[in-house]
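> A single structure is presented below for examination.
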Amino acid sequence: MCGIVGYIGSREPKNILLDGLKNLEYRGYDSAGIALKNNNQVQVIRGLGRISCLEEKINNMDVIKANMGIAHTRWATHGEPNEANAHPHTSGMVTLVHNGIIENFSEIKEKLIKTGVVFKSDTDSEVLAALINYYYDNDPVLAIEKAIKDVKGSYALGIIFADQDKLFAVRKDLPLIIGYGEKEFFIASDISAIIKYTNKYSLLDENEIAVLDFDGIVVTKAGKKIEKEILVTDLKAEDREKNGYEHYMLKEIMEEPIVLEKTLKPFIDDFFKIPDLSDYEEIHIVACGSAMYAGMVGKTLLEENSNIRVMCEVASEYRYKKVLYDRKTIVIVISQSGETADTIAAMRKAKENGVETLAIVNVKGSTIARESDKQIYIEAGPEIAVATTKAYILQVAVMALLACRVANESKIVDELKKLPRLLREVIDRRDIYLKIAKDIYKRDDIFFIGRKIDYAISLEGSLKLKEISYIHSEAYQAGELKHGTISLIDKGTPVFAIITDEDIMDKTISNVCEVKARGAKVIVVSNVENDVGDYLILVPKVSSFLQSILVVPCLQLIAYEVAKLKGCDIDKPKNLAKSVTVE
């Protein structure tokens, strides 16, 4: 979840590195640092907090005139966020930045201490720097190869040796790319870090070592030279701008109708491009966070429109549990980044058991996109805010399409054409969302209730609220309230009730009456007129396959307005990062 950027070339690297870090800050913002190198001199500058703090520190000090450098923005794993634990880390001749976790770092650290190494931080990353330095004897590639053989875990590394005018990179399990400019070259954990300078890049594969110098890039693995395919991204630097919006999250919500239309278009043009899952006897949907809640919507739709057994499981549990693949099974993995560590591990588990995998993913060329058997790409474009909005909507849309295909509901195409316009109508009603937010933002506890697919929607609504506003929020199956949870309802407690499933609408309304009787302030989100709540958010009524797509944006915008009223850092909530590449 940390971010790496590196540069070698004729330009002053300081500003290039800082620009890259700013574009990677969504990956972590506990601390940041850069290392600059010229001849045999390496200068390391680190700071606690945001990139702006590091930039201010650098601008107020003398820095060496450099021709290469590496930089890092951190989401803490080993060691608390402080300057000592910030990257880059130096040991002897080696300075490096590291994404990932070295699982056996304690064992390696003990061995190195016995050789006289003194550690200055609590991180596994400094241990890795010391290990590479231990093996270093004027051959950087050999030292790196020996070190990575000793470690267990995941890593993406940018490495500088004090006596080498070259930049080195290597990865395992975590993303790292190399970028090609005009007589200048880059490394980065995300193309967005370097898009201002180049749109040409290559993907490093497992344990390939990239050597960047002023003349070019050489990639080797086990001593053999690897010819890398040079890719060209269609991402543009302006795609990462706020375009006048106060926050990226608001911009990305407002983009939902546009990206929805773009994602749906191929399937509107040809309904039968949607993969047909009807031949499978069992479907496993595996994901994390909001992607898992999108999967829960899909599970409900698939179960109700087929005779296929469907299981939806959080990836961090699925990867470790005993799973019986005793039927013809497909595993659907959902990930915006395509680099979610637990989801990758779950996908690999399925593949090791000979089970087919289908990925719903936003980033082409990501690990999940490359390793899955089949892919459906959502067209979300860059999603900068840590809390997902538009990517979630598109994940739900794809799950709905899969259910439509199983049910052979080709007539849904007419409704798909109208959906972006209806979504725009929902998003444009910001007046009522702000009114509700003003009424609830000072509360300490907020609840969401629903049944069946409405419960899956409630989970995402609750998550969105808690992750950006820090208000304690829970989602419950509406029928379970009376089995204990209703004891938490006090006078004025906000309760969001999602009511879109007509088959059980009366049951949910009775649960609303139960919390109302105990003083709750009820906000109903429904596709049917009713007066059961204190507020009613009425959304357009569409096919049950598509209804969720019009409900969740209401909850996203209420969460946004609540967080804004509370003065929270909406795009970068505390303790969270965008791409969860560690367990």
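> For each pair in LYS251/LYS364; LYS418/LYS464; LYS166/LYS242, compute the distance between the two Cα atoms and list the pairs where it is over 29 Å.
Over 29 Å Cα-Cα: LYS166/LYS242.
> Moving on to the next point. For ASP431 and ASP137, what is the calculated FRET efficiency with R₀ set at 45 Å and r taken between the beta-carbons, to the nearest 0.05?
FRET efficiency, ASP431 to ASP137: 0.05.
> Over the Cα atoms of the range 336-434, compute the convex hull volume and normalise it per residue, giving Å³.
Here the figure is 130 Å³ per residue.
> I need the peptides 441-453, 223-235, 408-420 ranked by packing, meaning the mean over residues of other C-beta atoms within 10 angstrom, with the highest value on top.
Final packing ranking: 441-453, 408-420, 223-235.
> Given a Förster radius of 45 Å and the C-beta distance between VAL528 and LYS321 as r, what FRET efficiency does 1/(1 + (r/R0)^6) yield to the nearest 0.05?
0.70
> May I pose another question? Of the heavy-atom accessible surface of the chain (probe 1.4 angstrom), what whole percent is carbon and sulfur?
After summing per-atom areas, the C and S share lands at 46 percent.
> Per DSSP H run of at least 4 residues, take -39500 (n - 2.57); add these up for the chain, divide by its residues and hand me the 222 nm value, nearest 500 deg cm²/dmol.
-11000 deg cm²/dmol
> Quick check: pseudo-label points 7 Å beyond the Cα along Cα→Cβ at TYR245 and ALA162, how many nm apart are they?
Here the modelled spin labels are 4.7 nm apart.
> If contacts are Cα pairs under 8 angstrom and at least 6 residues apart, what is the relative contact order of the range 1-130 in percent?
The value is 27 percent.
> Now a separate question. Just grab the label-to-label distance for LEU538 and ILE64, each label 7 Å out from Cα along the Cβ direction, in nm (one decimal).
About 7.0 nm, to one decimal.
> For the range 382-432, what is the convex hull (Cα atoms) projected area averaged across all directions, in square nanometres?
4.8
> Just tell me which aspartates and glutamates come within less than 12 Å, Cα to Cα, of LYS322; anything on the same chain fewer than 8 places away is out.
Partners found: none.
> For the range 435-506, what's the relative contact order in percent, using C-alpha pairs closer than 8 Å and at least 6 residues apart?
Relative contact order, the range 435-506: 42 percent.
> Looking at the range 125-169 from every direction and averaging, what is the projected area of its Cα convex hull in nm²?
Mean shadow area of the hull around the Cα atoms is 3.0 nm².
> Please give the net charge around HIS247, taking every other residue with its beta carbon less than 13 angstrom from that of HIS247, where Lys and Arg add +1 and Asp and Glu add -1.
-4
> Arrange the peptides 536-543, 207-214, 251-258 so that the one whose residues have, on average, the most other Cβ atoms within 10 Å appears first.
Put in order of decreasing packing, that is 251-258, 207-214, 536-543.
> Still on this structure, please answer the following. Before I look further, what does the chain give for accessible area per residue, probe 1.4 Å, in whole square angstrom?
40
> For the pair ARG443 and LYS183, what calculated FRET efficiency results from E = 1/(1 + (r/R0)^6), where r is the Cβ-Cβ distance and R0 = 41 Å, to the nearest 0.05?
Step by step, r from the Cβ atoms, then E = 0.10.
> Using the Cα centre of the chain as the reference point, and only Cβ charges (+1 on K/R, -1 on D/E), how large is the resulting charge dipole? Debye, rounded to the nearest 20.
Here the chain has a charge dipole of around 480 debye.
> By how many nm would the segment from ASN38 to LYS507 grow when fully extended, if each residue of separation counts as 0.36 nm and the alpha-carbon distance is taken off?
Fully extending the segment from ASN38 to LYS507 adds 161.7 nm.
> Rg/Rh for the range 80-187 to two decimals, with Rh computed the Kirkwood way over all alpha-carbon pairs.
Rounded to two decimals, Rg over Rh is 0.96.
> Okay, moving on. Note down the relative contact order for the chain as a percent, whole number, built from C-alpha pairs under 8 angstrom at least six residues apart.
Once divided by the residue count of the chain, the mean separation gives 12 percent.
> May I pose another question? Give the percent of DSSP beta bridges with both residues in the chain that are antiparallel, rounded to the nearest 5.
Around 60 percent antiparallel, to the nearest 5.
> Right, another one. Under a plain spin-label model, where a point goes 7 Å from the Cα along Cα-to-Cβ, how far apart in nm are SER410 and LYS152?
5.4
The values are calculated or read from the model by the stated rules, or taken from the named source; none is laboratory data. Keep in mind that this is a model prediction, so the values were computed, not measured. All Cβ positions, even for glycine, are placed from backbone atoms using ideal geometry, and neighbour counts span all protein chains on display. Protein only, heavy atoms only, side chains kept; ligands, DNA and RNA dropped before computing areas. Shrake-Rupley method; radii C 1.70, N 1.55, O 1.52, S 1.80 Å.
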